[in-house]
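Here the structure comes first, spelled out in structure tokens, and everything after it is commentary.
The values are calculated or read from the model by the stated rules, or taken from the named source; none is laboratory data. Bear in mind the structure is a predicted one, so any value in this text is a computation, not a measurement. Here Cβ is always computed from backbone atoms with ideal geometry, including for glycine, and neighbour counts include all displayed protein chains. Ligands, DNA and RNA are excluded from the accessible area calculation, which covers all protein heavy atoms including side chains. Shrake-Rupley method; radii C 1.70, N 1.55, O 1.52, S 1.80 Å.
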Amino acid sequence: MIDYATLKIIWWLLVGVLLIGFAIMDGHDMGVGTLLPFVGKDDVERRVIINTVGPHWDGNQVWFITGGGAIFAAWPLVYATAFSGFYWAMLAVLWALFFRPVGFDYRSKIDNRTWRTAWDWGLFAGGAVPPLIFGVAFGNLLQGVPFYFDENMLPYYTGSFFALLNPFALLCGVVSSAMITFHGAIYLAHRTEDDVQERARKAALLFGMVLLVAFSAAGVWVAYGIPGYVITSHVDPGVASSPLSKTVVREAGAWLANYRQQPLTMLVPVLAYVGTIAALLLTLGGKTLAAFVASALAELGVIGTAGVSMFPFVMPSSSDLRSSLTVWDSVSSHLTLTIMFWAALIFVPIVLAYTSWAYKVMAGKVTAATIIKNKHSAY
């Protein structure tokens, strides 16, 4: 049996893998949806865009569902605290996601311009709102979330929905939105041709530049404007512990401590820049498949930067510093993490295998001629 401390680290990594997998796989679907009303100039072009992701968007939702389930099982305190504190934000995500299944399935069933335009904007909302809110959530995590635990370990959230919409969190929302839209634009350029492809390439260049600027601005803000969190008491990672048993302080520049102590971790934010710049250059050169891989690596770098900066904190508390949740004290039992580890070892490769097979089967360009020929069966 793997020791408890190692399992805690493994599940921090696995949750990160699931979040990054969601950003890469479901993210490009959302990016395509965000671009739909702007890149598609007529009904046929918009159907071309929808059909690049229509056959597989629901399969990609597996990453979202699995990520939520993994947090629930591996980090129950994080799940309970986050989903109660971010209740209205999570509802906004769900309400936006409701547009996706109905929009994909029913948008082209009725040959009516008003009907189809309405669902185009519904798919836009389903693609644009979740990345924005997820980015805002990460921005608030880096600043600290206003919650605390009582002596019975019941969480109490002391903030409000509108307090989440602070300037730094909104900047993180821009980073997330630009990242996802950039990724979707490159995917769209890979799967289409002619005018739609050219507009998608221009969108990729625009949002890639926005990503670089916003990510850099957020990094400077974290370094000089946001105090991080530091555990000052002894913590034994090999035992089950209560969040309230530790001592935490806030210090300027603390979110950079891991990079100073482990210089190799600097490769993570560097990957965000290298991946984004490589994706931009490859897109300009017409090598869209390689650009898609590069943008996926950029997403790994952006999300990984947040994780590395905060480690070992998962959900810092601004109301009661010792209530902050970390990798060491917010996890399930040793047995639970062990069972989940072996389940993940079996099923994650299966998910990767069938996803790869599905994309191989559906590879190729989606063209206007294909949509016109199959106008009654295409999305």
field: Ile371 vs. criteria in contact with a Lys or Arg (Cβ under 7 Å, 6 or more places away or on another chain), crowded, with 18+ Cβ neighbours inside 10 Å and either in a helix (DSSP H, G or I) or among the charged types (D, E, K, R) (or both)
entry: yes
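Each row is one residue, and each column tells you yes or no for (1) in contact with an Asp or Glu (Cβ under 8 Å, 6 or more places away or on another chain); (2) at pLDDT 90 or above; (3) farther than 30 Å from Gly364 by Cβ.
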site	(1), (2), (3)
Gly67	no, no, no
Phe83	no, no, yes
Arg113	yes, yes, no
Arg116	yes, yes, no
Asn140	no, yes, yes
Gln143	no, yes, yes
Pro146	no, yes, yes
query: Given the conditions (1) in a helix (DSSP H, G or I); (2) in contact with a strand residue (DSSP E or B) (Cβ under 8 Å, 6 or more places away or on another chain), which single one is not true for Ala217?
result: (2)
- prompt: In this structure, is Ala125 modelled with pLDDT of 95 or more, closer than 29 Å to Ala369 by Cα and not basic (Lys, Arg)?
  reply: yes
message: Between Gly238, Gly173, Gly225, Gly219, which is open to solvent by less than 30 Å² (accessible area, probe 1.4 Å) and in contact (Cβ under 8 Å) with a residue 12 or more places away in the chain?
response: Gly173
- request: Mind telling me which of the residues Ala96, Ala73, Ala80, Ala89 ends up being in contact with a strand residue (DSSP E or B) (Cβ under 7 Å, 6 or more places away or on another chain), among the small types (Gly, Ala, Ser) and within 30 Å of Leu165 (Cα to Cα)?
  value: Ala80
statement: Only unsatisfied item for Val274, checking (1) open to solvent by 50 Å² or more (accessible area, probe 1.4 Å); (2) closer than 26 Å to Leu123 by Cβ, is (2)
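Restricting attention to region 338-347, and to residues there that are in contact (Cβ under 8 Å) with a residue 24 or more places away in the chain and out of contact with any Phe, Trp or Tyr (no Cβ under 8 Å at 6 or more places or on another chain), which single residue is farthest from Val293 (Cα to Cα)? Let's see the steps before the verdict.
Applying the first criterion (in contact (Cβ under 8 Å) with a residue 24 or more places away in the chain) to region 338-347 yields 338, 340-341, 344.
With the extra rule that they be out of contact with any Phe, Trp or Tyr (no Cβ under 8 Å at 6 or more places or on another chain), the set shrinks to 338, 344.
Numbers: Thr338: 32, Ala344: 24 Å.
Among them, the one singled out is Thr338.
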query: Hey, Ser233 hits all of (1) in a helix (DSSP H, G or I); (2) farther than 21 Å from Leu19 by Cα; (3) of a type in the set (S, T, N, Q) but one; which does it fall short on?
result: (1)
task: For region 51-60, state whether one or more residues are open to solvent by less than 20 Å² (accessible area, probe 1.4 Å) and acidic (Asp, Glu).
output: no
- request: Would you point out the residue of region 281-313, among those that are among the aliphatic types (A, V, I, L, M), touching a residue at least 60 places away in the same chain (Cβ under 8 Å) and open to solvent by less than 40 Å² (accessible area, probe 1.4 Å), that is farthest from Trp221 (Cα to Cα)?
  value: Ala291
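One line per residue, one yes/no per condition, for (1) under 23 Å from Thr81 (Cβ atoms); (2) of a type outside the set (A, V, I, L, M, F, W, C); (3) modelled with pLDDT of 95 or more:
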| residue | (1), (2), (3) |
| --- | --- |
| Ser332 | yes, yes, no |
| Thr336 | yes, yes, no |
| Trp342 | no, no, no |
| Ile350 | no, no, no |
| Ser356 | no, yes, no |
| Lys360 | no, yes, no |
field: Residues located in region 314-347, provided they are in contact with a Leu (Cβ under 8 Å, 6 or more places away or on another chain), closer than 21 Å to Asn152 by Cα and surrounded by fewer than 22 Cβ atoms within 10 Å (Cβ to Cβ)
entry: Arg322
task: Those residues that are more than 24 Å from Gly173 (Cβ to Cβ) and among the β-branched types (Val, Ile, Thr), I need them from region 93-150; list them, please.
output: Val102, Ile110, Thr114, Thr117
message: Scan region 185-194 and tell me whether some residue there is in contact with a helix residue (DSSP H, G or I) (Cβ under 9 Å, 6 or more places away or on another chain), in a helix (DSSP H, G or I), of a type outside the set (Val, Ile, Thr) and under 30 Å from Val222 (Cα atoms).
response: yes
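Considering every residue within region 23-40, establish whether at least one is free of Cβ contacts under 8 Å to residues at least 12 places away in the same chain, part of a helix (DSSP H, G or I) and surrounded by fewer than 24 Cβ atoms within 10 Å (Cβ to Cβ).
Applying the first criterion (free of Cβ contacts under 8 Å to residues at least 12 places away in the same chain) to region 23-40 yields none.
No, there is no match, as no residue in region 23-40 is free of Cβ contacts under 8 Å to residues at least 12 places away in the same chain, part of a helix (DSSP H, G or I) and surrounded by fewer than 24 Cβ atoms within 10 Å (Cβ to Cβ).
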